[in-house]
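Worksheet: one structure, shown below.
The values are calculated or read from the model by the stated rules, or taken from the named source; none is laboratory data. Values in this document were obtained by computation on a predicted structure and should not be read as measured data. Heads up, the Cβs are rebuilt from the backbone with ideal geometry, glycines too, and the neighbour counts pull from every protein chain shown. Ligands, DNA and RNA are excluded from the accessible area calculation, which covers all protein heavy atoms including side chains. Shrake-Rupley method; radii C 1.70, N 1.55, O 1.52, S 1.80 Å.
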Amino acid sequence: MGRFPRPATDEPLIFHAAERVCRAMTALGVERTHLVGNSYGGAVAMRIAMTRPDRVDRVVLMAPGGVLPEDAPPWPVGLEHLFAYMAAEKPSREEMARFVRLMVHDQALATDALIDERYEASLRAHPELPVPPHFGDLTPDLHLVSAPTLLVWGREDQTVPLSWASTILQGIPDAELRVLPHCCHWVQYEKAPEFNHIVREFLRGGAAATAQEE
């Protein structure tokens, strides 16, 4: 990871987060559900689908983390900015603005209000993750994801690039990929109408969705 120090713990963050989500589902009385996750959240969703398939109906992953190519680092520019932001002594609105602009292809969507919202959130939890975050590599266990899985990717993603999708697509037995043009990492935000339509159609085949319609 270059200039950034290793975290003190050896426990992958994805594993820890997945366990907490499962505990939350139990506390809320949710036995089985669809999982939808972007980036780090996508990695957590995959981990749950691997270890607790009985609790997962269908999975939607938007440019998920957790599966790294053999030639990384160097890291894509979006991850470099993310790691640098978390490694800084304190948050900077200017650096947050640069990061947000990398997340969207249409720069008009990187509004001052959005930048302010993300910056203020970072002030409350800085750094949000250890630097560099020790996510863990899910690649060896991709075949354990038995749930139908939809990958949605922005073609111009500079954080988790489209070229990384092939490993997941080939590793998960029942996976399909949809690519949206003129779109970066926040596909669910930048292409909300298209994203909602694609996901709605995909989830209609799931048991949980069918039960809700009955």
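Please work out if Ser163 is part of a loop (DSSP other than H, G, I, E, B), open to solvent by 60 Å² or more (accessible area, probe 1.4 Å) and in contact (Cβ under 8 Å) with a residue 60 or more places away in the chain.
So Ser163 fails the test.
If you take the residues of the range 68-84 that are in a helix (DSSP H, G or I) and within 18 Å of the chain's Cα centre (by Cα), which of them is surrounded by the fewest Cβ atoms within 10 Å (Cβ to Cβ)?
My answer is Val77.
Return a yes/no flag: does the range 50-67 have any residue that is crowded, with 16+ Cβ neighbours inside 10 Å and of a type in the set (Lys, Arg).
The answer is yes; a qualifying residue exists.
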